[in-house]
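Here is the structure we will look at.
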Amino acid sequence: MEAANAGIKHEVHLRHVEKEVLIPKLMRDKAKERCAEKVEAFNHCCKESGFLMVVKCQEENAALKECLTLHYKDPAFFEECKQEYIREKLEFERTGIPAKNRKQKLPSSM
C-alpha cells in the first residue's frame, strides 16, 4: 500500500465530475476559510445595510471577489486541493468511511 501512496499524483484517475465539480467545491470551501476576514466584512455589511446592500457593500464585495479569485486561479492551490481530495478518496476506498464521519469522535460507551 505504501508504494501505491508514493505515486498518488500519477496513479489515481480522476473522473470528469471530480475534476470539474468536487475539487472546485473543495477549493471554494478552502478559499472561503483563507478569505475569512473579507467574508466576515461582507456579511457584516450586508446585515447592516438590508436592501441597500447592493449599493452600500460594493467595496466589501469587490475585496471578497478579489481574494477568492486569487485562490481560484492559483495552480498550486488547485494542486493542493486535488491532493487533499485524492487522500480523502483513497482513505474512503480503504475504510469505507466518508471523511466527515471519520472526523467524528467515537461514543465513549463503546
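The values are calculated or read from the model by the stated rules, or taken from the named source; none is laboratory data. As the structure is a computational prediction, the values presented were derived from the model and not from experiment. Cβ atoms come from the backbone with ideal geometry, glycine included; neighbour counts cover every protein chain shown. Only protein heavy atoms, including side chains, enter the accessible area calculation; ligands, DNA and RNA are left aside. Shrake-Rupley method; radii C 1.70, N 1.55, O 1.52, S 1.80 Å.
Surface composition of region 26-87: carbon plus sulfur atoms contribute 56% of the solvent-accessible area (1.4 Å probe, protein chains only, all chains present).
Ligands, DNA and RNA are left out, and with a 1.4 angstrom probe the accessible area of region 28-72 is 77 Å² per residue.
FRET efficiency for the pair residue 90 and residue 48, taken as 1/(1 + (r/R0)^6) with r the Cβ-Cβ distance and R0 = 35 Å, rounds to 0.20. For residue 34, the solvent-accessible surface with a 1.4 Å probe is about 120 Å², rounded to the nearest 10. Taking every C-alpha pair closer than 8 Å and separated by at least 6 residues, the mean separation divided by the residue count of region 28-108 gives a relative contact order of 25 percent. Legend: residue pairs 19/47; 25/47; 38/82; 30/56; 32/89; 32/100, Cα-Cα distance threshold 30 Å; pairs beyond threshold, 19/47. The GluC sites (Glu not before Pro) of region 35-87 include none that DSSP puts in a loop with a beta carbon having at most 11 other beta carbons within 10 Å.
Rounded, prolate or oblate for region 28-92? Axes are the square roots of the Cα gyration tensor eigenvalues, ordered a ≥ b ≥ c, and the cut-off for rounded is a/c under 1.5. Prolate. Rolling a 1.4 Å probe over the protein chains gives residue 78 an accessible area of about 70 Å².
The accessible-area ordering, largest first, of the residues 27, 53 stands as 53, 27, per a 1.4 angstrom probe.
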